[in-house]
Amino acid sequence: MDVNRTTKQTARLLCLVLTLALLFSACQGAPASSGSGAETVTATGSAKGMEGDVVVEVTASADAILSVTVTEQNETPGIGSVAVEQLPAKIVETQSLQVDAIAGCTVTSEAIKAAVRAALESAGIDCAPFDVAPQAAGEGDRTAETLSCDVVIVGAGGAGLTAAAQAAENGASVIVVEKMPIVGGNSLKATGGMNAADTQYQAALGITDSGVEEFIADTMNGGHQINDLALVTTMAENSAAAVDWLTGIGAPLPKVAATGGTVHKYLHEPEDGSAVGSYLVEKLQARAEELGVQILLNTCAAEIRMQDGAAAGILAEGESTDYTIEAKAVVIAAGGFGANFEMMTQYDPSLAGAVTTNHAGATGDGITMAVAVGADTVDMEQIQLHPTVYQATGLLVSESVRSMGGILVNSEGKRFCNDMSTRDAVSAAELEQPGSYAFIIFDQRIVDDLSSCQKYINNGLTVQADTYEGLAEAMGLTGEAVANFVDTMNTWNASVAAGEDKEFGRNNGMDGDLSTAPFYAIRIAPGIHHTMGGLRINTETQVLTAEGEAIPGLYAAGETTGGVHGGNRIGGNAVCDFVVFGRIAGANAAALALEGQAAA
Ligand code: ADP
């Protein structure tokens, strides 16, 4: 009682001091600190975030941070914006500038912390008392809870959200657990499109040469023929229906282009040029939630519960709650392991030290959990390098830049390969260049049509100039390399006009040349992108044992599975994979759960 009263008195006193300080500050007509010896001050600070400056207003005294408000920011909705919503309160709650970054939004989190530090310093407050580790929640604070549903899904990326929406559409009650503070996983980062064949949108554009047969052949060729043909066929045959389903939930993909490694046009993109991943994740989440799906964020699945040889739910850890989630069917949609270097180097030691484009949650948990209950894996050593990764941050420069006409040049100012070949071939060619890097070149025409490009410019990835010579110099080329670059650009524009690339045989992504100033370049090199291997599944998405038996009640979809992409995934197939197999997993899990209910 006494403690409570003291706390309340202190809080009232702080409020009074704060109000007086604000009044004082308002009277001065300035938002900044009194600088006049008042104990509580309000000051602003800023730091560079992902999309420009993040500005905060901080009210603090020498020994307490009383409030933090982000007053200006332009961070990515659904990613950086999550840190903007959550981190200020955590700083106040923990009274620490060393509070953990919000997972998945590290750059914005660090910007907020740096801006708070700058605000404190500008107010003359010593940051030392706040440069302490935040207090962790004690074990005693944890609670246990048991939840029940028809279908539980591990992971709220593209596959998990699709499976959730489909299962709920089919009448099942669904819980999704997501270990990160945001939904979307790697899917959120997908910038290209979704491959699909024989679609309504191809028909509307008169594209008749890019059907299911071509799609299957290109996927098998791209994957070096080690893909599971039955899975590839299922994906291709169900792709048009998947596009129709997306259209039905308000996510049409009416623009159609060619993807890397093929001349055929089945890469389906949003009308307005927005990145496909964030576009779909937002619509899938909305659809799932509209149908009553419960999504538990910051909740990490640790184990699959087995009963009588069948999957019957999961055990998961929330921020302060240990969950037992009972379910009649379990869908593993926990993504790949492209952020788990221990796991990757176990299969390919040469990847140690490589940059990854993967979000922090891509740790292969789904594979580990399912293997623990008898699942088999396939193609685990097949790990894809993407050729256009900005090395300082691991940000992937979308393949769409090339499919819209961008090219790659080396440090000598020369092209060195068919820039629209498969990702593994382009990555290998890049690694053979001097310094093992290259530049991706694009122009204002592409920037105007592709929203990702504006992001690269805002984030400081690009150098730009109004002439080819100027761009070469901005790229750091010297001597002969400058003349080479000018020559390369003129030759390329002539090739586009002629519709033929005599030098390297590129035969797609040549609908426009690179003649619209300003011109842009980003220095890139290969980075880890997609783990093609994973859980062995059949075409019904049932998880299989080494003997080929389906584990009852256990389904998997998306990057957590193996076999669809073989030895190399072609651009646009990750999205097709998660929509098609996410839908199959959701439908089958719901059917199993509801059949059980009817029988009960
Ligand atoms: P996919 O494209 O196959 O859906 P994503 O990477 O987009 O793959 O999504 C997988 C999601 O699963 C990510 O959001 C990731 O954080 C989540 N995830 C991974 N492991 C776990 C886990 N143990 N518990 C809950 N969610 C997980």
Examine the range 334-345 for a residue that is open to solvent by 10 Å² or more (accessible area, probe 1.4 Å), in contact with a helix residue (DSSP H, G or I) (Cβ under 8 Å, 6 or more places away or on another chain) and within 11 Å of the ligand (Cβ to nearest atom), and state whether such a residue exists. yes
Mind listing just one residue for me: the one in the range 268-314 that is of a type in the set (S, T, Y) and buried (at least 17 other Cβ atoms within 10 Å of the Cβ) and, of those, nearest to the ligand (Cβ to nearest atom)? T299
Would you call R583 touching a strand residue (DSSP E or B) at 6+ places or on another chain (Cβ under 6 Å) and of a type in the set (K, R)? no
Residue in the range 185-197 that is under 23 Å from the mean Cα position of the chain (by Cα), surrounded by 24 or more Cβ atoms within 10 Å (Cβ to Cβ), over 30 Å from E271 (Cα atoms) and among the hydrophobic types (A, V, I, L, M, F, W, C) present: no
Per-region count, the range 198-214, residues more than 19 Å from Y279 (Cα to Cα), open to solvent by 20 Å² or more (accessible area, probe 1.4 Å) and not in a loop (DSSP other than H, G, I, E, B): 6
Is it true that G192 is within 16 Å of the ligand (Cβ to nearest atom) and under 30 Å from I367 (Cβ atoms)? yes
Please note which helices (runs of 4 or more DSSP H) are completely contained in the range 387-499 and include at least 3 residues that are open to solvent by 10 Å² or more (accessible area, probe 1.4 Å). 423-431, 444-449, 451-458, 468-474, 480-498
Breaking point among (1) open to solvent by 10 Å² or more (accessible area, probe 1.4 Å); (2) more than 16 Å from the ligand (Cβ to nearest atom), for H529: (2)
Within the range 572-595, is even one residue within 15 Å of the ligand (Cβ to nearest atom), open to solvent by less than 20 Å² (accessible area, probe 1.4 Å) and part of a loop (DSSP other than H, G, I, E, B)? yes
Residue that is farthest from A286 (Cα to Cα), among those in the range 160-181 that are in contact with a Ser or Thr (Cβ under 9 Å, 6 or more places away or on another chain), open to solvent by 10 Å² or more (accessible area, probe 1.4 Å) and within 8 Å of the ligand (Cβ to nearest atom): K179
Every pair of residues 6+ apart whose Cβ atoms lie under 6 Å, when the first sits in the range 554-566 and is of a type in the set (D, E) while the second is open to solvent by less than 10 Å² (accessible area, probe 1.4 Å): E559/G336
Just to verify a result, which residue in the range 222-261, among those that are open to solvent by less than 10 Å² (accessible area, probe 1.4 Å) and of a type in the set (V, I, T), is farthest from I570 (Cα to Cα)? V243
Report, ordered by the first and then the second residue, all pairs with beta carbons closer than 6 Å, sequence separation of six or more or different chains, a first member in the range 472-488 that is of a type outside the set (D, E), and a second member that is surrounded by fewer than 21 Cβ atoms within 10 Å (Cβ to Cβ) and assigned to a loop (DSSP other than H, G, I, E, B). A481/E412; N484/E412; N484/K414; T488/K414
Among the residues of the range 349-366 satisfying the criterion of being part of a loop (DSSP other than H, G, I, E, B) and of a type in the set (S, T, Y), which is nearest to the ligand (Cβ to nearest atom)? T363
Inside the range 215-299, counting only strands (runs of 3 or more DSSP E) that do not spill past its ends, which hold 3 or more residues that are closer than 21 Å to C453 by Cβ? 255-258, 265-269
With respect to K455, is the statement that it is outside the structural domain of G273 (by TED's automatic domain parsing), at pLDDT below 95 and out of contact with any Cys (no Cβ under 6 Å at 6 or more places or on another chain) true? yes
Test of understanding: among G171, G160, which residue is in contact (Cβ under 8 Å) with a residue 12 or more places away in the chain and either part of a loop (DSSP other than H, G, I, E, B) or among the charged types (D, E, K, R) (or both)? G171
Examine the range 507-518 for a residue that is assigned by TED's automatic domain parsing to the domain that holds I441 and of a type in the set (S, T, Y), and state whether such a residue exists. yes
Within the range 140-159, how many residues are within 6 Å of the ligand (Cβ to nearest atom) and either more than 13 Å from Q294 (Cβ to Cβ) or open to solvent by 10 Å² or more (accessible area, probe 1.4 Å) (or both)? 5
Restrict the check to the range 109-126 and report whether at least one residue is assigned to a loop (DSSP other than H, G, I, E, B), open to solvent by less than 10 Å² (accessible area, probe 1.4 Å) and either in contact with an Asp or Glu (Cβ under 9 Å, 6 or more places away or on another chain) or among the hydroxyl-bearing types (S, T, Y) (or both). no
Restricting to the range 548-600, and then to whatever is acidic (D, E) and under 27 Å from the mean Cα position of the chain (by Cα), can you tell me which residue is farthest from G157 (Cα to Cα)? D577
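The values are calculated or read from the model by the stated rules, or taken from the named source; none is laboratory data. Note that this is a predicted model, so its numbers are computed, not measured. A quick note on method: Cβ atoms are made from the backbone with ideal geometry, for glycine too, and the neighbour counts reach across all protein chains shown. Side chains included, ligands, DNA and RNA excluded: accessible areas come from the protein's heavy atoms. Shrake-Rupley method; radii C 1.70, N 1.55, O 1.52, S 1.80 Å.
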